[in-house]
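The values are calculated or read from the model by the stated rules, or taken from the named source; none is laboratory data. None of these values were measured; they are calculated from a predicted model. Neighbour counts run over all protein chains shown; Cβ positions are idealised from the backbone, glycine included.
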Amino acid sequence: MLHERAGKIWIDGRFVESADANIHVLTHTLHYGSGVFEGERAYEGVIFKMQEHHERFHASAAMLGFAIPYSVDEINRATQEVLRINNLKDAYIRPVAWHGSEALSVSTSHNSVHVAIAAWEWGSYFKSDDGQVPGIRLMWSDWVRPAPNMGPVHAKANGQYITGTLGKNKAEKNGYNDALMLDYRGYVAECTGANIFMVKDGVLITPTADCFLNGITRQTIMDIARTMGTTVVEKRIMPDELAQADEVFITGTAVEVQPISEIGTQKFSSGPVTQKIAAAYGKLVRGTAYV
Ligand code: PMP
């Protein structure tokens with residue numbers, strides 16, 4: 001159990017034992033989803049894109065109308081300290097900011113802001129027992145990504161994850177690994193915790209991130225592809241076009257570069273472009289040249 005793991009969690013500037021890292025049941029964010037968070041990975045002790053994650057942490061809070069009470073530099077230092085104190089080298093890191101329990105109304109005007117940073121060892125998200133990363137199966141979600149005026153769609157805000165949770169629960173119940181969502185217009189959007197790419201005739205195509213999280217991994221993958229001389233196109237993609245893809249993969253800090261073998265009734269193979277990009281990403285995150 002994650003909460004039973006030994007180790008220390010940073011909360012509001014001090015370290016507490018994981019077993020004592022508790023908050024009150026009247027915490028505003030537990031009731032109204034008024035928090036933001038990050039998901040980061042460290043490779044061989046170095047946090048990949050740490051600055052970008054912590055800038056996004058601040059930006060997400062700003063989109064929800066509050067300020068993280070620690071600067072990006074302070075969060076950088078605290079995060080590195082979390083790894084050091086827990087003796088972690090290859091880890092997943094979870095900073096989270098929430099509103100406290102001083103008052104329980106829909107507004108957060110009377111609630112303090114708190115920050116915690118936890119980290120733990122976490123291997124590949126979808127890795128099988130033999131260590132391979134096989135293609136995974138996606139189920140189309142019943143839920144769609146909302147329009148930008150229906151929520152703070154570009155924030156990594158915890159309240160927004162409920163449709164992801166519903167979609168992924170249903171997918172898992174039906175033997176799939178994850179759910180793929182359309183957006184409010186019917187275009188392909190993203191998975192519950194990852195962005196999506198398709199390869200067609202050697203060109204890398206990904207949905208324009210105009211109503212969902214523009215993932216740090218998504219941006220990194222586009223940079224890698226361009227550096228390797230692959231044409232990258234960001235555009236609106238209808239499900240029919242996705243069905244014609246030669247290869248499909250998803251990207252995210254947790255999933256890294258994950259080939260897709262099925263979307264609903266459509267089947268795909270993990271082809272050469274996905275493999276090349278996955279290998280390059282694996283090198284980049286460990287600070288090794290990939291071209
Ligand atoms: N979309 C959603 C909904 C996510 O939760 C994530 C994971 N943060 C992503 C996309 C991918 O983002 P990143 O590459 O920054 O991890």
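Hey, among the residues in the stretch 144-163 that are closer than 15 Å to Tyr187 by Cα and more than 12 Å from the ligand (Cβ to nearest atom), which one's surrounded by the most Cβ atoms within 10 Å (Cβ to Cβ)? Before the answer, list the steps.
In the first step, residues of the stretch 144-163 are kept if they are closer than 15 Å to Tyr187 by Cα; the result is 144-148.
Pick out the ones that are also more than 12 Å from the ligand (Cβ to nearest atom) and you get 144, 146-148.
On the way: Val144: 18, Pro146: 16, Ala147: 13, Pro148: 13.
So the residue we want is Val144.
Filtering the stretch 195-202 for residues that are surrounded by fewer than 21 Cβ atoms within 10 Å (Cβ to Cβ) and either within 19 Å of Ser60 (Cα to Cα) or within 16 Å of the ligand (Cβ to nearest atom) (or both) leaves an empty set. Kindly indicate whether any position in the stretch 235-252 is acidic (Asp, Glu), within 16 Å of the ligand (Cβ to nearest atom) and modelled with pLDDT of 95 or more. No, every residue in the stretch 235-252 fails to be acidic (Asp, Glu), within 16 Å of the ligand (Cβ to nearest atom) and modelled with pLDDT of 95 or more.
Here is a yes/no grid of residues against (1) free of Cβ contacts under 8 Å to residues at least 40 places away in the same chain; (2) of a type outside the set (A, V, I, L, M):
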| residue | (1), (2) |
| --- | --- |
| Ala147 | no, no |
| Gly151 | yes, yes |
| Thr165 | yes, yes |
| Ile196 | no, no |
| Cys211 | no, yes |
| Met228 | no, no |
| Thr231 | yes, yes |
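For Pro134, the conditions (1) assigned to a helix (DSSP H, G or I); (2) within 19 Å of Thr265 (Cα to Cα); (3) more than 13 Å from the ligand (Cβ to nearest atom) are fulfilled apart from (1). Of all the criteria given as (1) within 15 Å of Gly39 (Cα to Cα); (2) in a loop (DSSP other than H, G, I, E, B); (3) not acidic (Asp, Glu), the one not satisfied by Ile117 is (2). From the list Ile250, Ile263, Ile196, the lone residue that is in contact with a Cys (Cβ under 8 Å, 6 or more places away or on another chain) and aliphatic (A, V, I, L, M) is Ile250.
Here is a yes/no grid of residues against (1) acidic (Asp, Glu); (2) away from the ligand (no atom under 15 Å from the Cβ):
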{"position": "Ala6", "(1), (2)": "no, yes"}
{"position": "Glu52", "(1), (2)": "yes, no"}
{"position": "Ala59", "(1), (2)": "no, no"}
{"position": "Val72", "(1), (2)": "no, yes"}
{"position": "Glu81", "(1), (2)": "yes, yes"}
{"position": "Val96", "(1), (2)": "no, no"}
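For the stretch 221-229, the count of residues that are of a type in the set (Ser, Thr, Tyr) and either within 28 Å of Met150 (Cβ to Cβ) or surrounded by 16 or more Cβ atoms within 10 Å (Cβ to Cβ) (or both) is zero.
Among the residues of the stretch 269-282, some residue qualifies, meaning at least one is over 20 Å from Met181 (Cβ atoms), part of a helix (DSSP H, G or I), hydrophobic (A, V, I, L, M, F, W, C) and touching a helix residue (DSSP H, G or I) at 6+ places or on another chain (Cβ under 7 Å).
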